[in-house]
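K.L.:
For reference, the structure I am asking about is given below.
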Amino acid sequence: MKRFALLFALILSIALMAGCGDQNEEKAEKTPETKASDVARGTATPGVLRLAMDADPVSLDPHVQLSGGMLQYSHMVFDPLIRWTKDMQFEPRLATEWVRIDPLTVRFTLRQGVKFHSGNPFTAKDVVWTVDRLKVSQDFKGLFEVFESAVAVDDFTVELKTKVPYPLLLNMATYIFPMDSVFYTGTDESGQPKDAIVKIGPSFALTNESGTGKYQVTAREQGVRMEFTAFSGYWDEKSGNVDKIILTPIKEDATRVAALLSGDIDWAMPIPPQDYERLEQDAGVNLITMPGSRIITLQLNQKRRPEFANKLVRQAIVYAVNNEGIVEKIMKGKAMAAAQQAPEGYLGYVAELTPRFDLEKAKQLMKEAGYENGFTCTMIAPNNRYVNDEKIAQTCASMLAKIGITVELKTMPKAQYWDEFDAQVADIQMIGWHPDTEDSANYTEYLLMCRNAEKGLGQYNSGDYCNAEVDKLINDSNAETDVAKRTAMLQQVERILYDDAAYVPLHWQYLSWAVSPRVKNATDIVNVMDFPYFGDLIVE
């Protein structure tokens with residue numbers, strides 16, 4: 001729990017999967033399932049990293065989707081103002097210094113001499129342009145709703161201003177990846193504005209990028225292969241020695257691991273828990289794991305199903321799901337069973353809230369609710385987004401059958417899943433969440449606050465849970481800089497959600513990566529956000 005202790009200390013000192021779905025036309029099912037024979041073979045080439053993930057970025061537009069995959073892409077192709085270190089401190093990137101000048105304002109000094117991939121110079125106007133775009137992005141505006149403005153003081157000084165005193169402003173600065181305002185201004189060949197954020201249909205930013213990051217996208221076939229080539233004008237001379245990254249998306253865990261063991265790739269992520277033991281015993285592989293803060297949950301749609309509007313039924317479902325058993329049997333002990341959103345070390349964590357599997361109590365609650373004979377409902381889950389997601393969904397469906405709830409389950413690839421999730425096509429939907437701000441409030445802001453499309457709150461609340469007291473506590477906490485008071489608010493939120501059975505908590509995922517011997521500093525570039533800093537990687 002050292003990582004959580006460090007995080008707690010960080011929040012004390014300074015005092016948002018992901019994610020959701022791409023909705024562009026390239027997401028149609030045209031991506032063949034990658035087999036071992038499809039992976040690039042041959043001897044490793046100096047300076048080239050052969051990377052396999054469970055999925056590739058859904059777009060080249062960093063603002064079209066708030067998800068782990070897109071944030072990983074952003075760290076490769078763009079650069080943030082500041083970023084988290086491995087021990088959860090902040091380090092300079094495009095901002096070299098920062099200082100709070102009043103309760104609502106932090107001033108950032110920007111790095112000079114930085115160029116975008118287009119060749120355009122990076123200045124404060126690009127930061128202002130980017131923050132303005134984030135504030136209208138469907139996925140990001142909930143995070144940036146608290147921001148009043150970004151103001152360019154001069155070419156290399158920018159001030160971020162919030163509407164209220166905000167304890168997490170620096171946390172949010174890690175999500176500002178300045179875009180090339182000149183490159184994205186104007187209209188494309190179809191007459192559409194180049195800065196349009198388009199989830200459904202084509203857009204300029206979908207297929208064109210100009211960032212300040214180490215890598216440019218030089219080839220892309222959605223779902224098949226993606227190439228990142230080092231930008232010759234990159235500003236960070238101390239970065240690693242990888243000149244090219246070849247990304248092959250491999251949905252199937254077994255195929256991804258087999259490609260690593262056969263020497264066809266150098267880096268695989270994530271690694272399924274059932275393979276941990278054999279990889280640890282293989283001298284040709286370095287397995288890296290760490291506890292994570294991404295919670296896996298099921299949401300119960302209270303508008304689609306009157307049964308789920310009944311608190312007793314929701315409680316029965318929580319009591320029926322043996323999430324400790326799922327951790328032991330399916331996750332092979334490589335996860336932490338959850339009873340609340342925030343893990344230990346976060347301000348909202350409440351020690352007495354523990355998993356509550358009790359099948360007899362679940363049956364009794366169903367009887368009290370008037371559903372002793374059960375009912376039938378639908379459920380969807382991805383099959384390549386979270387570790388063992390399909391198996392977890394199948395197991396949960398079997399567990400609910402024991403209290404008379406027949407679940408019609410449908411699973412699908414991530415590329416299809418998020419449109420279905422957004423449309424709330426099923427009564428029960430799976431979603432995982434890593435807090436964007438590395439803070440307790442962010443779970444609730446996106447997953448459980450009353451849905452508010454204008455502000456972006458409750459963006460992924462597919463269960464339509466709505467509790468005015470919870471919303472007030474979260475809003476108040478985001479304007480409270482007194483740590484003790486803020487802790488009390490966030491803990492009260494967790495207690496209310498627990499008692500309401502507002503959702504079904506499953507577990508916090510472990511993070512896992514496995515690399516070949518030619519990768520020399522993998523442990524130095526991985527982190528709890530699950531965004532390995534590939535720009536700092538060293539390979540043989």
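K.L.:
Please work out which residue is modelled with the lowest pLDDT, limiting yourself to the range 249-277 and to residues that are of a type outside the set (A, V, I, L, M, F, W, C), outside any helix (DSSP H, G or I) and under 23 Å from the mean Cα position of the chain (by Cα). Even if it seems obvious, please write down each step before you answer.
P.N.:
If we filter the range 249-277 for residues that are of a type outside the set (A, V, I, L, M, F, W, C), which is where we start, we get 249, 251-253, 255-256, 262-264, 266, 270, 272-277.
This time we only want the ones that are outside any helix (DSSP H, G or I), so: 249, 251-252, 262-264, 266, 270, 272.
Right, trim to under 23 Å from the mean Cα position of the chain (by Cα) and you get 249, 251-252, 270, 272.
Numbers: Pro249: 95, Lys251: 89, Glu252: 90, Pro270: 91, Pro272: 86.
If we take residues in the range 249-277 being of a type outside the set (A, V, I, L, M, F, W, C), outside any helix (DSSP H, G or I) and under 23 Å from the mean Cα position of the chain (by Cα), then Pro272 is modelled with the lowest pLDDT.
K.L.:
Let me ask something additional. In the range 166-196, which residues are at pLDDT below 95 and of a type in the set (A, V, I, L, M, F, W, C)?
P.N.:
Passing the criteria: Leu168, Leu169, Leu170, Met172.
K.L.:
Can you tell which of Val58, Val136, Val64, Val128 is out of contact with any Lys or Arg (no Cβ under 8 Å at 6 or more places or on another chain) and more than 15 Å from Met172 (Cα to Cα)? Spell out the reasoning first.
P.N.:
Values: Val58 fails: out of contact with any Lys or Arg (no Cβ under 8 Å at 6 or more places or on another chain); Val64 fails: out of contact with any Lys or Arg (no Cβ under 8 Å at 6 or more places or on another chain); Val128 fails: more than 15 Å from Met172 (Cα to Cα).
After applying the criteria, what remains is Val136.
K.L.:
Same structure again: Could you check, for the range 181-190, whether at least one of its residues is on the phi > 0 side of the Ramachandran plot and not assigned by TED's automatic domain parsing to the domain that holds Leu134? Quick ask: steps written out before the conclusion?
P.N.:
If we filter the range 181-190 for residues that are on the phi > 0 side of the Ramachandran plot, which is where we start, we get 186.
Filter once more, so that each one left must be not assigned by TED's automatic domain parsing to the domain that holds Leu134: 186.
Scanning the range 181-190 turns up at least one residue that is on the phi > 0 side of the Ramachandran plot and not assigned by TED's automatic domain parsing to the domain that holds Leu134.
K.L.:
Check whether at least one residue in the range 278-292 is part of a loop (DSSP other than H, G, I, E, B), surrounded by fewer than 22 Cβ atoms within 10 Å (Cβ to Cβ) and polar (S, T, N, Q), and report yes or no.
P.N.:
Let us first name the residues in the range 278-292 that are part of a loop (DSSP other than H, G, I, E, B), namely 281-285.
Restricting the remaining residues to those that are surrounded by fewer than 22 Cβ atoms within 10 Å (Cβ to Cβ) gives 281-285.
Still in the running and polar (S, T, N, Q): 281.
There is at least one residue in the range 278-292 that is part of a loop (DSSP other than H, G, I, E, B), surrounded by fewer than 22 Cβ atoms within 10 Å (Cβ to Cβ) and polar (S, T, N, Q).
K.L.:
Right, here's the next one. Please work out which residue is nearest to Phe375 (Cα to Cα), limiting yourself to the range 402-440 and to residues that are of a type in the set (Val, Ile, Thr) and part of a loop (DSSP other than H, G, I, E, B). Before you say what the answer is, go through the steps one by one.
P.N.:
Just the residues of the range 402-440 that are of a type in the set (Val, Ile, Thr), to begin with: 403, 405-407, 411, 425, 428, 431, 437.
Restricting the remaining residues to those that are part of a loop (DSSP other than H, G, I, E, B) gives 403, 425, 437.
On the way: Ile403: 10, Val425: 18, Thr437: 39 Å.
The selected residue is Ile403.
K.L.:
Show me the strands (runs of 3 or more DSSP E) found entirely inside the range 57-114 where at least 1 residues are modelled with pLDDT under 95 and surrounded by fewer than 23 Cβ atoms within 10 Å (Cβ to Cβ). Don't jump to the end; show me each part of the working.
P.N.:
Values: elements: 82-84, 90-92, 95-102, 105-110.
Qualifying strands (runs of 3 or more DSSP E): 82-84, 90-92, 95-102.
K.L.:
Also, I was wondering about something else. Filter the range 489-540 down to residues that are part of a loop (DSSP other than H, G, I, E, B) and closer than 30 Å to Tyr465 by Cα and give me whichever is farthest from the chain's Cα centre (by Cα).
P.N.:
Taking the range 489-540 first, the residues part of a loop (DSSP other than H, G, I, E, B) are 501-503, 516-518, 520-521, 526-533, 537-538, 540.
So of that shortlist, the ones also closer than 30 Å to Tyr465 by Cα come out as 501-503, 528-530.
Values: Ala501: 23, Ala502: 21, Tyr503: 19, Val528: 11, Met529: 8, Asp530: 8 Å.
Once the filter is applied, the top-ranked residue is Ala501.
Each row is one residue, and each column tells you yes or no for (1) over 28 Å from Ile288 (Cα atoms); (2) among the charged types (D, E, K, R).
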residue: Glu328; (1), (2): no, yes
residue: Ala335; (1), (2): no, no
residue: Leu347; (1), (2): no, no
residue: Glu352; (1), (2): yes, yes
residue: Met399; (1), (2): yes, no
residue: Met430; (1), (2): no, no
residue: His434; (1), (2): no, no
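K.L.:
On to the next question. Would you please list the contacts, defined by Cβ atoms under 7 Å and residues six or more apart or on different chains, that run from a residue in the range 338-350 that is on the phi < 0 side of the Ramachandran plot and assigned by TED's automatic domain parsing to the domain that holds Asp482 to a residue that is among the aromatic types (Phe, Trp, Tyr) and buried (at least 24 other Cβ atoms within 10 Å of the Cβ)?
P.N.:
Gln341/Tyr443; Ala342/Tyr443
K.L.:
Next question. Please specify each residue of the range 312-333 satisfying the condition of being surrounded by fewer than 17 Cβ atoms within 10 Å (Cβ to Cβ) and outside any helix (DSSP H, G or I).
P.N.:
The answer is Lys332, Gly333.
The values are calculated or read from the model by the stated rules, or taken from the named source; none is laboratory data. For clarity, every value in this text was computed on a predicted model and none was experimentally measured. Cβ coordinates were reconstructed from backbone atoms using ideal geometry, including for glycine residues, and neighbour counts include every protein chain displayed.
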